[in-house]
Each structure stands twice: as structure tokens, then as C-alpha cells.
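Any read-out appearing in this document is the output of simple, stated calculations on the displayed coordinates, not a laboratory observation. Worth saying up front: this structure is predicted, and the values here are computed from it rather than measured. Glycine also receives a Cβ, built like all others from the backbone with ideal geometry; neighbour counts cover every protein chain displayed.
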Amino acid sequence: MADAIGLLRPRTVIGPSLLAAGEWALSFEPFPHVRIGGLVRGTCWLILEGHEPVLLREGDTFMLGNPPPYVLAGTLDASPRPAEPVWASAEDGFVRIGPESEEDLYLCVGHIAFDDRNAPLLTDLLPPLVIVRAGDPHGGRLAQLIDLLATEVGIAAAGGPLVQNHLAQILLVHMLRAHAGQTDRPTGWLGALNEDGIGAALRAVHADVAHSWSLKELAEISHMSRSAFAQAFKSHVGVPPLEYLIQWRMSLARDALARDTLSISELARATGYLSESAFSTAFRRVVGSSPAQFRSRARQPSRSAANENSSSRVPG
């Protein structure tokens, strides 16, 4: 899990937190990737398009994967107003609705965006809504993390954004663990990690992507026959084992090319290919362009930004 999340290059924005009282409702537009939050105090309704309203209580946490429009509300009969201008009115990390003396809700929220090139590794596996109740096996730990996040937002201390970013990513990992352990387990590598045999094979692939893995080796790691392993792997992950290996290698390759950390020949060896041409053929098949073309396109935004920065400098 850590390998995949690291590859996604998560960027976290926490807050502002919401303090609310009385009748209120805020409508939120669709958001790419992940929105995450929890109730420090009070109760509120989460109304996600296409789902029944969910009552959140103190200590509950939620995660929205590529969420459609949704509403947070104090009561179900309150008329929603757009959240964006309300959020823009934040002061010192807080948005307040209703009189301060009667505040009965404290909600800490944030969003996590991923590198678009590899975001589908996780976002394609997430349901629109994951709820972890305070009394669930992971609920107590998640409630503590929400409390820590809320404290960091409230004190505005030095290094706060760094601490908030790390806490949010830890919260994401625990939410994914909780989701993977729920009855309706996710498909893909996220759910397969909890399967003894398939999970062992996945961890082996992630630990040594340069190894020339064969179906026989992976089946032996899983203590299964080749046919049983291939069938179970595809059932849990959604693709055959060696196809997953190729996709994982290409995800690593896209990240390395975008960050320009290795030459193409070095990258070929690092991802298990005996020659640059074999790597380039596989990359083109999966990604749709050559490694050199992909790297060139990835460099363009940074060049444009550099040009803009240089042109905006005041001559000395």
C-alpha cells in the first residue's frame, strides 16, 4: 500500500474546519480524487448524490472517492447554499455558521489530490463513500487522527502545513485499511493485499520490480498451483498476474520519466527489461507513446512555468 500511495505523489489541503449551529446546509461540487473528514463534535448529515443520507456522529470519519455533488447539513430539511463562497470566508482556518455561543458541530475536512498520471491506481478502486464509525475496529484510531488534525488547524503553529499533510496521509492509509477490512471489500490490489496468498505475491512484485517474475514463481510464493493462482489473482485484482506486473512497472516508469530521475536505459533495467527496446515497446503498448515522447511532454509544463517566472522578474 505504501508503494502505491507514494507513487501517487499525494498533495493534501486541510481545512478550513467548520463550526456550525442551527439550521444549515452546504452543497459541494464534484471533486477529483479524495475528500476526507471527520466529526470532532456534534452530528451532521452527509447527502451524496445517488445515495441515502447518512447521519455522521462525533468520532465518525468519512472518505469520498471522486465524489459526485454532495451536501453537508445540520438538518435534512435545510435548504443548501453553495459551499465555495462560505469556504472563502474562512478566518484563521475556520468557517463559522450561526452564533458562536450555540455552536454544536465541529467538522474537520480536507482533500487529497494525486498525480494524474497514476491516480487511477487508487481512485478506480474507491467507492464514492466510505464511512468508519467511532465504534468500528479502526474508528478509535481515526477519531484520534481527526482530533490531531483539528488541533493543528486551530493552533496555526510553525510547520503546521507539513504536520497536517502527513497526518492527512496517515488518515488516508487508515481509512483504506478500514475499508479493506469491511464486509464489502474492495477489488483490485487494495483488496488483494488482505488475501494471504495473493497479497504475498503482490508484496513480492512491489519489493523487487526488476526481477524477471514468472507465473510459476508467483504461484509458489502464494502456495498455490499456477492455474489456481492465476484464477484467484485475476478474480481479486481484475487482471492476470503478469499483466498486473507490466502495469505496475509502467506506473513506476511514468513517475520516473515525469520526474526525470533516470535515463531510459537505466529505467529499462530498473523495471526488469533486458533492453531499452523491449522496455520502449512495452511502454508504448501500455501508455500509447514512447518513453522519450512521454518525458518530453512531462517537461513542458515546468519549462512554461520557468519562462513565466523569468518573464515576471523585475529587472535589477
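For the stretch 2-185, the Cα gyration tensor yields ellipsoid semi-axes of 24, 19, 16 Å (square root of five times each eigenvalue, largest first, whole Å). Pair-distance distribution of the stretch 190-299: all C-alpha pairs, bin width 5 Å, starting at 0; shares per bin in whole percent are 2, 13, 23, 21, 15, 13, 9, 4, 1, 0. Each Lys and Arg contributes +1 and each Asp and Glu -1, all at the Cβ; summed about the Cα centre of the stretch 190-299, the dipole is approximately 460 debye. Taking the charge dipole of the stretch 6-119 about its Cα centre, with +1 at Lys and Arg Cβ atoms and -1 at Asp and Glu Cβ atoms, the residue from 13, 107, 38 reaching farthest to the positive side is 13.
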